[in-house]
1. Counting pairs of alpha carbon atoms under 8 Å apart in space and at least six apart in sequence, what relative contact order in percent does the chain give?
2. Hey, which lysines would be in cross-link range of Lys72, C-alpha to C-alpha under 30 Å, not counting anything within fewer than 8 residues on its own chain?
3. Could you state the number of Å between the C-alpha centres of region 55-83 and region 1-20?
4. Out of Leu49, Ser5, Gly86, whose Cα points farthest toward the positive end of the dipole of region 1-91 (charges: +1 Lys, Arg; -1 Asp, Glu; placed on Cβ)?
5. Cut-off 14 Å, label point 7 angstrom out along Cα-to-Cβ of Ser126: give me the residues of region 49-83 whose amide nitrogen falls inside.
6. List the chymotrypsin sites (Phe, Trp or Tyr not before Pro) in region 48-87 that DSSP assigns to loop (not H, G, I, E or B) and whose Cβ has at most 15 other Cβ atoms within 10 Å. Which are they?
7. Quick one: Karplus J couplings for region 186-197, per residue in order, coefficients 6.51, -1.76, 1.60, θ = phi - 60°, nearest Hz, x for Gly and Pro?
8. In debye to the nearest 20, how big a dipole does region 28-237 give about its Cα centre with +1 on each Lys and Arg Cβ and -1 on each Asp and Glu Cβ?
Amino acid sequence: MNDLSFDPTDLEAMLWASRRPDYLSAWHGHVAFAHWLVDIAHPGCIVELGTEHGVSYASFCHATAARGRFAKCFAIDTWQGDDHTGTYSDAVFDDLNIFNQTYYGFFSMLLRMRFEDAVAGFDNGSIDLLHIDGLHTYDAVRNDFLTWLPKVSDRGVVLFHDTAIREKDFGVWKLWAELSDRYPSFRFDHSAGLGVLLVGRNQPAKLRALCALGDSPMAALVRANFELFSALAQRVSA
Ligand SMILES: C[S@@+](CC[C@H](N)C(=O)[O-])C[C@H]1O[C@@H](n2cnc3c(N)ncnc32)[C@H](O)[C@@H]1O
């Protein structure tokens, strides 16, 4: 089986310009995929753990707003940094806060707190798209996944950034190796790697088709296309 056919609507979403093109982030290469994912899965609630300048978060917000669907979106971060990003100043939060209020304020909230303090505020089974991009040690990312998993809905998708980084004490790759066989999944290797895990059973046909590609030649082509479209989207932004 594979009905992963990209129609003109898909291509339009993949080419939407990045909303935070000028900020330092390893996430730029996944913007086209984020736009496409939100556009086909239309999540009702999106939560991001780890936002910093908002490169990934803005792509989720932009995609939901672009079709007028307006998911409830929450970005959770101390906006102080961690052992991998290093500490940074309040200017990062202040800048993103103005951007968020200007463009997405009526459906998106920045929750400036620790992930573990925010989790009680979400109902079980309420999150359709969870992006885990906090501290990238094995213990931290495993704890984030297990803590937040009950909050993910029956059509929930969990994204893990940095699945391809094996230096220092980065351990997302190790958790990904454990999880990617337990759930339908797809992996991008560019831009530090992005893991896509279909945790909920009710998924759109295109997402199921993507995760059925495994490591086939078609999977490599799909990876290359999303990378290319992200680069094009960055050019469009510039
Ligand atoms: C890699 S950055 C996020 C990058 C961002 N997603 C992007 O698009 O570039 C990780 C962020 O997670 C935050 N963070 C790490 N652990 C945290 C925790 N337990 N609670 C709240 N924030 C945390 C840090 O402050 C940092 O801003």
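1. 24 percent
2. Cα-Cα hits under 30 Å: Lys151, Lys206.
3. 19 Å
4. Ser5
5. Of the residues in region 49-83, 72-75 have backbone N under 14 Å from the label point off Ser126.
6. On the way: sites: Tyr57, Phe60, Phe70, Phe74, Trp79; in loops: Phe70, Trp79.
Passing sites in region 48-87 are Phe70.
7. 9, 10, 9, 9, 7, 6, 6, x, 9, x, 10, 10
8. Values: 18 positive and 25 negative charges, 185 e Å.
Computed charge dipole of region 28-237: roughly 900 debye.
None of the figures in this text is laboratory data; all of them are computed from the coordinates on show. Keep in mind it's a predicted model, so treat the numbers as computed, not measured. Heads up, the Cβs are rebuilt from the backbone with ideal geometry, glycines too, and the neighbour counts pull from every protein chain shown.
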